[in-house]
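Since the structure comes first, as structure tokens, the remarks are kept for the end.
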Amino acid sequence: MIHFLLPLIIVATSYPAAGPPSSAGEKEEPSVGRFTATQLIVMLRTDKRAEARRAALGLLEFIGPRYRKCPAAVTVALKEDSEESVREAAAQVLGKLAQRAHEIKEKELRDGAVETRDGALAALRAALQNDKSPRVREAAASALGRVGADDPAREASLLSAQRLAVPVLIAALKDTASGTRAAAAESLGRLGQMSEEAVPALVETFKDRKADRFVRGYAAFAIGRIDGGGARAAVPALGAALVDAEAPVEVRRSAAEALRALGTDAAGATEQLGQALKDKSVAVRRTAAAALGQVGPEARAALPALEQAARDQDKFVRAQVLHVLGGLPQDAARVVPLLLDGMKDQLLDVRLAAIEAFARLGPEAKDAIPVLTAAAKNDSQGVVRDAAAEALKKIQPNP
């Protein structure tokens, strides 16, 4: 709040102090410090100093959407202010006001709050389509994906408003500014399943080698968040990027993250995920191993790569690979020896992963019973003893 107040202090003498209501029946106008909402709105519209107008925006955000003149004034600033830094701040503030309006639940205020929220979203869509400043377009694109995105019970009016944003965000994937493209992709991901129609455009964006790593990364993020049958069409492109030695490491990791998010729908990229277990980047190897853990039984197609990765230098890769192996009971003859080796690991997390994998294999892990019995009785770590005892119950439920 201090960074908003400093320029206001400079111009404060130009504005009279807030006075009391004119009559006993009049509601008190909201204020921040010595400034009423009306004074801040006047400042936003007339003050020649851009920093003062930005400060007024910050304080109008503080007052919030319940005083409906605040979002109305911010909307005007977004459309009409001559300074791009003010319009950028207006887009950011308007997004926050829209979210706070969405969160208003009082029955008597709800209709007005919905009108405020949807009006703000409409203004943000217009700014994304029409503003000449890439900074403003980026701020508008980012705000569009955040209003109500985490609300699992989106009412019809919000769904309608968000669906209107999808084609605008899709168009913004071809914006001349990388920041706007990245923000549009991120927002499409935050809108989730409503963005399914954006998958082809997101795939095209992700495959664009001329795009920077942030644009491609957020396109992959969006594909992973959209999920479902539509996103399955992106699996070949994600798999190809994952094993592209010329792709930036951030892009390879983003591809693996998206495949992990797609779960069993990513089964078509199992081979590439196996190859990625040899990636030079430990971050890529970790994410590829985690993705194979979500693929399900189809992960057996990567078994040769998993056998090698079980000896990876990184403990997180080793532990995750053992977890994946525990889901392949049909390959127990090859899996159990790897898990027994994992039981000898010096790191506790890896040993526990091996034991939990035995438990997942169930009766198919019967060859591990002697080792698990010894661990349940003699291991120096209580957590290992407990885990081994639980695994034995799964392997031999009626000893």
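The values are calculated or read from the model by the stated rules, or taken from the named source; none is laboratory data. Keep in mind that this is a model prediction, so the values were computed, not measured. As a convention, Cβ positions derive from the backbone with ideal geometry for all residues, glycine included, and neighbour counts pool all protein chains shown.
Listed here are the residues, each with its yes/no results for (1) more than 23 Å from Ala211 (Cα to Cα); (2) within 23 Å of the chain's Cα centre (by Cα).
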| residue | (1), (2) |
| --- | --- |
| Val243 | no, no |
| Val249 | no, yes |
| Arg252 | no, yes |
| Val284 | no, yes |
| Ala302 | yes, no |
Original post:
Do the conditions hold for Pro236, that is, is it part of a helix (DSSP H, G or I) and surrounded by fewer than 24 Cβ atoms within 10 Å (Cβ to Cβ)?
Top reply: yes
**OP:** Examine region 138-159 for a residue that is within 25 Å of Ile63 (Cα to Cα), over 23 Å from the mean Cα position of the chain (by Cα), modelled with pLDDT under 90 and of a type outside the set (Phe, Trp, Tyr), and state whether such a residue exists.
**Re:** yes
**OP:** With respect to Ala91, determine if the residue is in contact with a Ser or Thr (Cβ under 7 Å, 6 or more places away or on another chain), at negative phi, surrounded by 24 or more Cβ atoms within 10 Å (Cβ to Cβ) and not polar (S, T, N, Q).
**Re:** no
Original post:
surrounded by fewer than 17 Cβ atoms within 10 Å (Cβ to Cβ) and at pLDDT 95 or above, is that true of Ala24?
Top reply: no
Subject >> Residue count for region 188-202, restricted to those that are of a type outside the set (Asp, Glu) and over 8 Å from Ala222 (Cα atoms) >> reply: 8
Original post:
If Lys174 passes every condition in (1) within 19 Å of Ala123 (Cα to Cα); (2) surrounded by fewer than 23 Cβ atoms within 10 Å (Cβ to Cβ); (3) in contact with a Ser or Thr (Cβ under 9 Å, 6 or more places away or on another chain) but one, which one does it miss?
Top reply: (1)
**OP:** Name every residue in region 167-204 that is of a type in the set (Asp, Glu) and modelled with pLDDT under 95, in order of residue number.
**Re:** Glu196, Glu197
**OP:** Run Ala185 past the list (1) assigned to a loop (DSSP other than H, G, I, E, B); (2) crowded, with 17+ Cβ neighbours inside 10 Å and report the number of the one that doesn't hold.
**Re:** (1)
**OP:** Among the residues of region 65-91, write down those that are more than 16 Å from Ala122 (Cα to Cα) and either in contact with a strand residue (DSSP E or B) (Cβ under 8 Å, 6 or more places away or on another chain) or of a type in the set (S, T, N, Q) (or both).
**Re:** Ser82, Ser85
Subject >> Which numbered condition Ser133 misses (of (1) modelled with pLDDT of 95 or more; (2) surrounded by 19 or more Cβ atoms within 10 Å (Cβ to Cβ)) >> reply: (2)
Original post:
Mind checking which residues of region 257-280 are closer than 14 Å to Val317 by Cα and either in a loop (DSSP other than H, G, I, E, B) or of a type in the set (A, V, I, L, M, F, W, C) (or both)?
Top reply: Leu273, Ala276, Leu277, Lys278, Asp279, Lys280
Original post:
Which one is surrounded by the most Cβ atoms within 10 Å (Cβ to Cβ) among residues in region 188-232 that are β-branched (Val, Ile, Thr) and under 16 Å from the mean Cα position of the chain (by Cα)?
Top reply: Ile223
Original post:
Tell me, which residue of region 355-398 that is in contact with a Pro (Cβ under 9 Å, 6 or more places away or on another chain) and among the charged types (D, E, K, R) is nearest to Pro297 (Cα to Cα)?
Top reply: Arg360
